[in-house]
Amino acid sequence: MTHPLNTINAVVIYHSGYGHTERMAAAVAKGAGATLIAIDSEGNIPENAWATLREAAVILFGSPTYMGGPSWQFKKFADASSKPWFKGEWNNKIFGGFTNSASINGDKLNTLAYFFLLAGQHGGIWVNMDIKSSNTKASQRDDLNRMGSNIGPMAQTPADASPEEMSSGDLETARLYGARVAKIAAQFSSVNASAR
């Protein structure tokens, strides 16, 4: 999938337990013009996906927030990323991340902080949000950034709601974030090109 505004090679790597985070990943990927890589129920990715991640300029992490942090499947992937870490394969890449949980808070911040630290361990550059919080009495469920996050998109989906019932505002926030990450990556790319 090629983004019409740039040619940045972006990847969204995510785990989704029930399909909600998968919808969010698709929205982020749409904004960023990114390739999707799903972490399976055993915490594995296809062997060729490691090469895709190595070649990417942008890596976006996604996981539901379970028990105050990312899913164990995502954590297994993160632990396996010690191999590219050892070789410095992800140094200076652009990173971002997103999460979803059933509760309004659900300790989603811990998941985003985990992603931020993982990107930092890999020597990456993190892109934050640029969407102001929807935090007035007039705010609605489908407003942009209704969770008030700055590090990356957070979504909230009731435990008994299907992926199709997700907030359109949460999904649009995710899409806009993906577009922002791609834009920032393109700026870095053009600066590097002009410095050569």
Could you tell me the calculated FRET efficiency between ASP160 and GLN121, based on Cβ-Cβ distance and R0 = 45 angstrom, to the nearest 0.05? 0.80
Karplus (6.51, -1.76, 1.60) ³J(HN,Hα), θ = phi - 60°, over segment 153-159, in Hz, Gly and Pro reported as x: x, 10, 10, 10, 10, x, 4
Looking only at TYR177, TYR66, TYR14, which one moves most when the chain is put into a Gaussian network model with springs between Cα atoms under 10 Å? TYR66
How large are Rg and Dmax for segment 43-196 when calculated on the C-alpha trace, in angstrom? 16.3, 54
List, in order, the whole-Hz ³J(HN,Hα) value for each residue of segment 170-181 obtained from phi through the Karplus relation with A = 6.51, B = -1.76, C = 1.60 and θ = phi - 60°; use x for Gly and Pro. 4, 5, 5, 4, 4, 5, 5, 5, x, 5, 5, 4
Could you derive backbone 3J(HN,Hα) for segment 58-66 from the dihedral phi with the Karplus parameters 6.51, -1.76 and 1.60 (θ = phi - 60°), listing whole Hz in sequence and x where the residue is Gly or Pro? 10, 10, 10, 8, x, 7, x, 9, 10
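Given a 1.4 angstrom probe, what's the average accessible area per residue across the chain, in square angstrom?
Ligands and nucleic acids excluded, the result is 50 Å² per residue.
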Sites matching GluC sites (Glu not before Pro) across segment 1-63 that sit in DSSP coil, with at most 16 neighbouring C-beta atoms within 10 Å: GLU42
Defining a contact as two alpha carbons under 8 Å apart and six or more residues distant in sequence, what relative contact order in percent does the chain show? 25 percent
Amide H to amide H under 5 Å from GLY97: which residues, 5+ apart in sequence or cross-chain, H placed 1.01 Å off N in plane? PHE61
Amide H partners (placed H, <5 Å) of MET129, local residues excluded: ILE151, GLY152
Modelled label-to-label distance, LYS83 and GLU42, 7 Å Cα→beta-carbon offset: nm? 1.5 nm
Cα centroids of segment 137-174 and segment 90-123: how far apart, whole angstrom? 17 Å
Amide H neighbours of THR35 under 5 Å, counting only residues 5+ apart in sequence or on other chains, H built in-plane at 1.01 Å? ALA10, VAL11, VAL12
In a GNM of the chain with a 10 Å cut-off on Cα contacts, which of ASN128, ASN48, ASN92 has the highest mean-square fluctuation? ASN48
Please give me the summed charge of the neighbours of LEU60: other residues whose Cβ is under 14 Å from its Cβ, Lys and Arg +1, Asp and Glu -1. +4
On a straight-distance basis, which lysines could pair with LYS83 in a cross-link, Cα separation under 18 angstrom, same-chain partners fewer than 8 positions away excluded? LYS75, LYS93
Carbon and sulfur together cover what percent of the accessible area of segment 78-123 at a 1.4 Å probe radius? 57 percent
Among ASN100, ASN135, ASN150, the residue with the largest mean-square fluctuation in a Gaussian network model of the chain built from Cα contacts under 10 Å is ASN135
Looking at segment 56-196, what % of its DSSP beta bridges pair antiparallel, to the nearest 5? 15 percent
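The values are calculated or read from the model by the stated rules, or taken from the named source; none is laboratory data. The model shown is predicted, which means the values in this text are computed figures rather than measured ones. Note that we place each Cβ from the backbone using ideal geometry, even for glycine, and neighbour counts take in every protein chain shown. Accessible surface areas use protein heavy atoms only, side chains included; no ligands, DNA or RNA. Shrake-Rupley method; radii C 1.70, N 1.55, O 1.52, S 1.80 Å.
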